[in-house]
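Written out below as structure tokens is the structure these notes cover.
Throughout, read-outs are computed from the coordinates displayed, never taken from laboratory work. Keep in mind that this is a model prediction, so the values were computed, not measured. Neighbour counts are summed over all protein chains in view; Cβ atoms, including those assigned to glycine, are modelled from backbone coordinates with ideal geometry.
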Amino acid sequence: MTYSAASAETSVRVERCDVCIVGAGIAGVNALFVASRYLSPSQKIVLVDRRDRPGGMWVDTYAYVRLHQPHGLFTAGNIKWTLGQDRSYLATKEEVLTHFEHCLDVVKQRVHVDEYFGWTLESHDESGGIVRVICTSSDGQVMVVEAKRLIKAGGFGVVPNDPLEISSARVLSVSPDFCDMRGDDMRASNAPVWVVGGGKTAMDTAHTLVTEYPGREVNLVAGSGTFFSNRDRLFPTGGRRWWGGTPVTRIFTELGRRFDGTNETDVATWFRTTYGTWLTPTAGNYLLGLLSESENRTIAAGLNEVIMDHVVDAVDRNGDTDLIFRSGSAKTIQPGSWIVNCTGYMLRNENPYEPYVSDSGAVLSIQPRSATLHLTSYVGYFLTHLLFLDKIQDLPLYELDAPDLRKKSKAAFPYTLGSLTMHNLSLIVDSVPNKVFLDCGLDLDRWYPRPRRMIGTTRFLLTHRRGRDHLRHTLDTVRKRFDVRCGPLR
Ligand SMILES: Cc1cc2nc3c(=O)[nH]c(=O)nc-3n(C[C@H](O)[C@H](O)[C@H](O)COP(=O)(O)OP(=O)(O)OC[C@H]3O[C@@H](n4cnc5c(N)ncnc54)[C@H](O)[C@@H]3O)c2cc1C
């Protein structure tokens with residue numbers, strides 16, 4: 001059976017399908033996996049993405065990026081990796097992209113998927129139980145997709161970083177997304193490098209530079225500093241998987257118990273000293289990144305200088321080239337130095353607010369302006385289940401305007417996200433079949449052997465309802481304190 005038709009009058013292509021999914025990043029591919037569990041082989045999904053292949057941000061982020069969690073835990077549903085590497089292996093960009101292709105192949109064995117890469121969703125509207133989605137291709141074609149359900153999985157919507165705008169003509173300002181630190185230009189030069197940023201990209205970049213070019217001058221301008229979850233504590237290897245480390249659900253439960261919507265400084269101190277690792281003298285920011293002790297040591301040992309400030313420009317004056325910082329201070333640097341923009345990509349998204357589900361219940365929107373769980377991959381997985389189980393409108397899930405809260409309080413942001421996640425998972429676990437949780441390959445607790453996991457699951461199942469009121473109270477406190485959208489839809 002073919003669903004597509006071309007209208008003679010308008011020559012606009014019309015595709016009809018059961019589900020249209022826009023976005024083929026990790027959120028969209030999880031939505032695709034889940035949808036395939038509810039549809040029969042004769043039903044059809046239309047998958048649309050403006051990029052030219054699946055993978056989302058992984059398609060065009062910097063070449064030396066690595067997955068920061070063990071690779072098996074970054075997947076769609078319960079799809080296994082085919083890499084054949086040790087479970088602790090951190091996959092490269094190409095390996096991640098290959099896994100995305102694999103996930104699509106696996107889903108296509110269950111359900112018919114029509115792929116439209118290079119197409120952009122422009123708008124959608126709902127009438128008569130049908131969602132009409134208007135899409136355009138890069139060469140100007142228009143397509144209308146008529147779907148029973150639409151899942152907009154724009155997710156974190158990460159786009160490549162441009163180089164910093166710098167006045168000096170004597171420095172090379174680059175972005176890692178367009179300049180590989182291992183490439184010929186960087187290799188041919190021995191000039192100092194100034195890595196600007198303190199998060200995951202800065203750590204990946206500094207690590208690459210200090211290991212590729214031992215002895216070269218590499219400096220870090222780390223803003224106010226970021227700390228990371230210590231990978232050795234969260235994902236211990238060898239026999240320690242049986243007795244060491246702490247499963248992530250336990251950490252989130254404890255964070256949710258401690259955070260009350262006002263005490264983020266105390267909670268951060270506890271969390272950082274118990275589960276964190278960092279290399280800067282101050283480290284107030286946390287954005288769910290992971291770093292191991294050995295990576296941390298390698299970077300720290302290879303850095304020439306660490307400056308806790310924000311670069312605003314580099315200028316040529318009085319025969320010198322000076323880096324200018326937000327604090328007003330300056331630092332003379334060697335002409336020919338490289339300035340690598342590793343400032344944040346995440347939560348810059350200025351897209352307009354959209355609820356996570358439309359009034360009719362037919363459109364699911366996965367993006368941070370109405371976040372319901374800490375990661376878009378989890379939202380793609382769990383909320384698509386709720387959508388197909390027709391429960392998405394029944395549950396009083398809280399939604400959070402994550403970019404707004406991060407703008408207003410970087411300090412309260414990660415702990416609010418933790419409380420939001422635990423609150424909503426507590427509601428979800430009570431309303432979906434057990435299999436939904438059993439098939440969730442994103443679950444970081446899967447790192448641990450099954451008996452340990454079962455103890456953790458039993459503990460969670462016995463206690464989560466007791467903690468729900470506290471979590472709700474915490475989220476209500478955050479809403480009032482910061483005047484952010486943080487509450488149920490209705
Ligand atoms: C540098 C960096 C490193 C990271 N490393 C990790 C890591 O190691 N582990 C981890 O778990 N997370 C990591 N993250 C977080 C990461 O962003 C997520 O894990 C994840 O890959 C994001 O997936 P997503 O589906 O939410 O969004 P994206 O990957 O951004 O995918 C969204 C897709 O939707 C498409 N789209 C959006 N709007 C439209 C439209 N209107 N029409 C058509 N298509 C549209 C986009 O083209 C895109 O392909 C990292 C983030 C960054 C910036």
For R170 and V312, calculate 0.36 nm times their separation in residues minus their Cα-Cα distance, and state this gained length in nm to one decimal. 49.5 nm
Name the lysines eligible as straight-distance cross-link partners of K408: C-alpha to C-alpha under 21 Å, and not fewer than 8 places from it in the same chain. K480
Would you please state the base-10 log of I(q)/I(0) at q = 0.20, 0.23, 0.33 1/Å for the range 254-297, with intensities from the Debye formula using one equal scatterer on every alpha carbon? -0.69, -0.87, -1.36
Computed label-point distance, nm, for sites S294 and T269 using a 7 Å Cα→Cβ extension: 3.4 nm
Given 431-437, 208-214, the highest-first ranking by average Cβ count within 10 Å works out to 208-214, 431-437
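Assuming a ≥ b ≥ c are the square roots of the Cα gyration tensor eigenvalues, decide whether the range 133-271 counts as rounded (a/c under 1.5), prolate (otherwise, with a/b larger than b/c) or oblate.
Working: a/c = 1.91, a/b = 1.04, b/c = 1.83.
Cα axes put the range 133-271 in the oblate bin.
Could you order peptides 250-263, 82-95 by the average number of other Cβ atoms within 10 Å of their residues, highest first?
250-263, 82-95
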Give me a comma-separated list of calculated 3J(HN,Hα) values for the range 393-403, in order, Karplus coefficients 6.51, -1.76, 1.60 applied at θ = phi - 60°, integers in Hz, x for any Gly or Pro. 8, 7, 7, x, 4, 8, 10, 10, 7, 5, x
Find how many whole Å separate the alpha carbon centroid of the range 56-80 from the alpha carbon centroid of the range 343-404. 21 Å
Could you check the simple spin-label distance between T246 and L83, using points 7 Å along Cα→Cβ, in nm with one decimal? 2.6 nm
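List the relative contact order of the chain as a percent without decimals, with contacts defined as Cα pairs under 8 Å and 6+ residues apart.
18 percent
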List the pairs from K331/K407; K331/K410; K93/K200; K152/K391; K148/K391; K44/K152 whose alpha-carbon separation is above 21 Å, in the order I gave them. K331/K407; K331/K410
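Assign one of three labels to the range 395-462, namely rounded, prolate or oblate, based on the Cα gyration tensor with a ≥ b ≥ c the square roots of its eigenvalues; rounded applies when a/c is under 1.5, prolate when it is not and a/b is larger than b/c, and oblate otherwise.
Values: a/c = 2.63, a/b = 1.78, b/c = 1.48.
Cα axes put the range 395-462 in the prolate bin.
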Does the range 278-415 come out rounded, prolate or oblate, given a ≥ b ≥ c as the square roots of the eigenvalues of its C-alpha gyration tensor, rounded meaning a/c under 1.5 and, failing that, prolate meaning a/b above b/c? prolate
Could you tell me what fraction of 2.2 N^0.38 Å the Cα radius of gyration of the range 1-153 comes to, as a two-decimal ratio? 1.11
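Going highest first, how would you order 73-81, 112-120 by mean Cβ packing within 10 Å? Don't skip to the answer; put the middle values down first.
Working: 73-81: 20.0, 112-120: 17.8.
My ranking of the peptides, most packed first, is 73-81, 112-120.
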Using 7 Å Cα-to-Cβ label points, what is the R257/L461 separation (nm, one decimal)? 2.0 nm
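How much length is gained on full extension from S327 to T98, taking 0.36 nm per residue of separation minus their Cα-Cα distance? Mind dumping the intermediate values first?
On the way: separation 229, 0.36 × 229 = 82.44 nm, distance 4.41 nm.
Once the chain is fully extended between S327 and T98, it gains 78.0 nm.
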If each residue of separation counts as 0.36 nm, what is the full-extension length gain between L90 and S42 once their alpha-carbon separation is subtracted? 13.5 nm
Over the range 199-254, calculate the relative contact order: mean separation of alpha carbon pairs under 8 Å at least 6 apart, over the residue count, as a percent. 23 percent
Compactness of the chain as Cα Rg over 2.2 N^0.38 Å, two decimals: 1.01
